[in-house]
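Okay, so here's the structure we're looking at.
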Amino acid sequence: MSGGSGHDAPGAWLAQSPKPGRIAAYLGLAVLGAVVGVAGSLVQGAWMPAGLLLALLGAAGLFYGARRAMGTQLGVVVPAVGWLTAVVLLSIGRPEGDGLFSAGLGPLVFILGGMAVAVMCATMTGPTQPGSGPSRLGK
């Protein structure tokens, strides 16, 4: 922790009141996560091997970009919740038996792979600060 105001300490954003711009960004990320989830659900079933890869790459791009843009793990969690909500709602189907997802390995890989990508992006370490010294004290 630096001797300054303490704003660059890990978790310092938790002690501050939320800013309206940051709240709007998180809401936008949640909506974007739902949009990517719907688009990925449609694409993964339409063009089977390439569509599945494209859908997972789209989700990975959203989660990684949100992590970099927001600088926190919450930046990944919010769009991942939007993505997962959309995917689960689309996979439930209707009482008549209509459903967006077909039975098979592709939809299962899409759901589990998207969740795995979200976890990987959320647990990534942040980028090192340029010009910072070694990470170990006394070096």
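Throughout, read-outs are computed from the coordinates displayed, never taken from laboratory work. Since the model is a prediction, treat every value here as computed from it, not as a measurement. Positions of Cβ are backbone-derived with ideal geometry, glycine not excepted, and every protein chain shown enters the neighbour counts.
Extension gain for the segment Val88 to Met115, taken as residue separation times 0.36 nm less the Cα-Cα distance, is 8.6 nm to one decimal.
Estimated from the Cβ-Cβ distance and a Förster radius of 22 angstrom, the FRET efficiency linking Ala25 and Leu53 is about 0.15.
Modelled this way, with points 7 Å down the Cα-to-C-beta line, the labels at Ser17 and Val81 are 2.2 nm from one another.
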